[in-house]
1. With no solvent and one point on each alpha carbon, what is the Debye value of log10 I(q)/I(0) for the stretch 1-76 at q = 0.16, 0.19, 0.27 Å⁻¹?
2. Rounded to the nearest 500, what is the chain's calculated 222 nm mean residue ellipticity when only DSSP H runs of at least 4 contribute -39500 (n - 2.57) each, over all residues?
3. Starting from the Cα gyration tensor of the stretch 374-425, take the square roots of the eigenvalues, sort them a ≥ b ≥ c, and report rounded, prolate or oblate (rounded when a/c is under 1.5, otherwise prolate if a/b is larger than b/c, else oblate).
4. For THR249, what residues show an amide H to amide H distance below 5 Å, using hydrogens built from the backbone and excluding near sequence neighbours?
5. Please list 117-125, 427-435 highest first by mean number of surrounding beta-carbon atoms within 10 Å per residue.
6. For the stretch 271-322 and the stretch 327-383, what is the separation of their Cα centres, given in Å?
7. Tell me the relative contact order for the stretch 282-406 as a rounded percent, counting alpha carbon contacts under 8 Å between residues six or more apart.
8. Report relative contact order for the chain in percent, whole number only (criteria: Cα-Cα under 8 Å, sequence separation at least 6).
Amino acid sequence: MKPLLLESLRAIVGPANVLTDGDLAGYEQDWRKRYRGRALAVVRPGSTDEVAQVVAVCARHGIAIVPQGGNTGLVGGGVPDDSGTQVLLTLSRMDRVRSIDSANLTMTVEAGCVLQSVQEAAAAAGLLFPLSLAAEGSCTIGGNLATNAGGTQVLRYGNARELCLGLEVVTAQGEVWNGLSGLRKDNTGYDLRDLFIGSEGTLGIITAATLKLYPQPAATLTALAALPSLPAAVALLQLAQARLGAGLTGFEVMGEFALGLVRRHYPQLRQPLPPSPWTVLLEQSDTESEAHARELFEGLLESALEQGLITDAAVAESIEQSNGLWHLRESIPLAQSEEGLNIKHDISLPVSRIVDFVAATDAALRAALPGVRLVNFGHLGDGNLHYNVQAPEGGDARQFLQQHEAAVNTIVYDAVGASGGSISAEHGIGALKRDELAQRKSPVALGLMRAIKAALDPNGLMNPGRVV
Ligand code: FAD
């Protein structure tokens, strides 16, 4: 069967685009190096029609497909298992911007477009595509939609779901659903687009998307502020929302240990403020002018200083300085990887519950695992924390992970549940959280999800073993 299947795949995409040997680690191993599988073949279709043919051939042979974009996912959802029986389908060759409609404020792009290229194409048309995250130089729009990615601008523009108006999808049967509508209103029955967004490749393959664009702001300002406590960060968020309204486009919080890891592993990066218990990165976008933006921003920071919410602040004076501040924030996950494997939690909570959650969960973890190091940072404006647990200084990170992951997850996720939160804010479920989801999601919700999976992918060939 295998030679026959490979022959059919080569006939569809060309022999050079069916990889079976050589170094396939870049496709078979996930970004965090936690999952390493073995693919029957890596297939690189160049068009929607080729994707449809590949899916149909695999369906005929009963072969499972794992779709992959930039392979930057953090939950082990985009790499094959170790059976050697799954086809890995990469969208990397499908990277064309199909069209930009400036009057409708939309653009249609293929799924393999790298996020940064999408942003650049929008900017070249004088418009803004606001999805932004640290992996934007390699992640793809297909992967962003498949995981419903969030990032740093959710506060103002929403996550990937809210930035997408239409999709083109190859179904598990190898049919093409063309739902590339640029409509903002379309109440014609069940929302198929929303079913595929966030489905992590388990229902079908996204091959193209119509995305929402926005006018470019007249000015964008960035500041770093030092804070004495986490309650001060929540109070600063409320003050900033009241003062800046929709102009507040970013509000990122960073614990001192998280920024300390950046200092340790990237000493060349300039940190303009001395270490303090918490640091916040604020971004403001203004539709009027830079002078207007600066007046509002400086007024906000002065009030915060008077109220004792911040102890110091630095406003970027140039795009380079602003990029430098964002670079600090975005270097935290990389610095953490340099420090060693860690137990990651991408959680969301009502903003009003975050302070109590962190105080109680920090204490519970420190009591259970003396010396444990807590890397806490995230998109506070969205109630999204990356609440990660690192082995004690000098400890063996891999051994720590193996021995304590289950107990740590129980402490953290029980507290998340008790606070009305979610065990996955923006990274998805993948392989990493599948069993946790099965335990923690309501039986009714799980039943509905399984019914959807069975209806759309009755033979279970689309990214099996992930999500449900
Ligand atoms: P992949 O990793 O290739 O795939 C992810 C999942 O989507 C897999 O299940 C895969 O099967 C599926 N998939 C991929 N393409 C398709 C397709 N065309 N059709 C159907 N299914 C598909 N995420 C956030 O939300 N916010 C952040 O701020 C953020 N920051 C990050 C920072 C770093 C340094 C890194 C490494 C990751 C970060 N992420 C963040 C994780 C995030 O999920 C990914 O970066 C991105 O959204 C995934 O895109 P990708 O193309 O790499 O997808």
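None of the figures in this text is laboratory data; all of them are computed from the coordinates on show. All values reported here derive from a predicted model rather than from experimental measurement. Here Cβ is always computed from backbone atoms with ideal geometry, including for glycine, and neighbour counts include all displayed protein chains.
1. -0.61, -0.83, -1.34
2. -11500 deg cm²/dmol
3. Oblate shape, in that a/c is at least 1.5 and b/c is the bigger or equal ratio.
4. Residues meeting the amide H criterion: GLU283, GLN284, SER285.
5. Result, highest mean Cβ count within 10 Å first: 427-435, 117-125.
6. 24 Å
7. Across the stretch 282-406, relative contact order equals 21 percent.
8. Contact order relative to length: 15 percent.
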